[in-house]
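Below you'll find the structure, written out as structure tokens, and then a few comments.
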Amino acid sequence: MIQLHRKSRTVHAVECEVGKRQGSENFLFISDVHFDAVKCDRDLLYRHLNEAQELGASVFIFGDLFDLMQGRFDPRGNYSELRPEYKSCIYVDEVIQDVGEKLAKYADVIKFISKGNHETNIEKRMMVSPIDRVAQIINEKGGHVEVGGYAGWLVVQAQRNKYKRRFNIHYHHGYGGGAKRSKGILGADIDQKDFPDADFILRGHDHQKWHLPVTVDRITNTMRLEQRTVHHLRLGSYKKLGDRYAGWATERNFATPRLGGWWARVKERRDDFVWEIREAT
């Protein structure tokens, strides 16, 4: 299992000790869970979290763990989409407590939760940080969850014996519309330019889901030329669209999302480390 350490507001170190030759460490990268939404596919989420426990995988959630759209004055709200258990005058408190208690069952595998636009919206309007509070609940149950911002870096230090290899993950919850034709894949070129040191570039927000591996040429500190793969990942969602009868998503004609996230495994191979990516469905 990994060890996670906060280095600054935007950088976390991820220590990953691979104990034997051809050993590996598993990760689950997800975003846009919208856990409290009536259309959240909780069964799928629980299946993935249970699989993470079976594998000993570390779970990283990159924004919009919450939905929280049914509060007063939220233009996206729809009372018919409010879960019955959250019909309360302290709606936000009820949601945070419930999400924290349900996810605390996975305190052994949930390692990192960063903020999305649904959380920052609550911070701006209500001066409450849902992510910090749910992390506190999980940690009180024996977990160790680190909280990230809307964007930042995870520096994975893979190690076996004396051999080490560093991988840089840049995450940003996402921005803009749904990009119906390109699915947002054109943004990979811009991200590649803006974050040339990244080995992974993770994005959420638009509920698109794809994996684009890009091979790049680099020169190491010892002036050795090498080719490395940069993995661009759009992380999908756990929120179903519904029947398109009415609502915020229907009015804006959002595309039907592909649910789930991505499994990533770092594996030792001949005194080096390689990544294997597969879809979580």
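The values are calculated or read from the model by the stated rules, or taken from the named source; none is laboratory data. Being a predicted model, the structure only gives us computed values, none of them experimental. Here the Cβ positions follow ideal geometry from the backbone for every residue, glycine too, while neighbour counts run over all protein chains shown.
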Can you report the number of residues in segment 54-105 which are in contact (Cβ under 8 Å) with a residue 12 or more places away in the chain and either among the hydrophobic types (A, V, I, L, M, F, W, C) or within 23 Å of Val155 (Cα to Cα) (or both)?
22
Considering residues that are farther than 16 Å from Phe27 by Cα and not in a helix (DSSP H, G or I), the number found within segment 104-118 is 2
Failed criterion for Glu251 (all others in (1) on the phi < 0 side of the Ramachandran plot; (2) buried (at least 18 other Cβ atoms within 10 Å of the Cβ); (3) modelled with pLDDT under 80 hold)
(2)
On the basis of being closer than 27 Å to Thr10 by Cα and out of contact with any Ser or Thr (no Cβ under 7 Å at 6 or more places or on another chain), does Ser88 make the cut?
no
Residue tally, condition at pLDDT 95 or above and in contact with a Ser or Thr (Cβ under 8 Å, 6 or more places away or on another chain), over segment 231-248
3
For segment 122-171, give me each residue that is assigned to a helix (DSSP H, G or I) and either among the small types (Gly, Ala, Ser) or buried (at least 18 other Cβ atoms within 10 Å of the Cβ) (or both).
Ile122, Pro130, Ile131, Val134, Ala135, Ile137, Ile138
If I ask for residues that are closer than 30 Å to Asn78 by Cα and surrounded by fewer than 21 Cβ atoms within 10 Å (Cβ to Cβ), which ones from segment 1-39 would you list?
Val38, Lys39
If Glu101 satisfies all but one of (1) charged (D, E, K, R); (2) in a loop (DSSP other than H, G, I, E, B); (3) over 16 Å from the mean Cα position of the chain (by Cα), what's the number of the condition it fails?
(2)
Scanning for something surrounded by fewer than 22 Cβ atoms within 10 Å (Cβ to Cβ), over 21 Å from Lys141 (Cα atoms) and not polar (S, T, N, Q), does segment 57-68 turn up at least one residue?
no
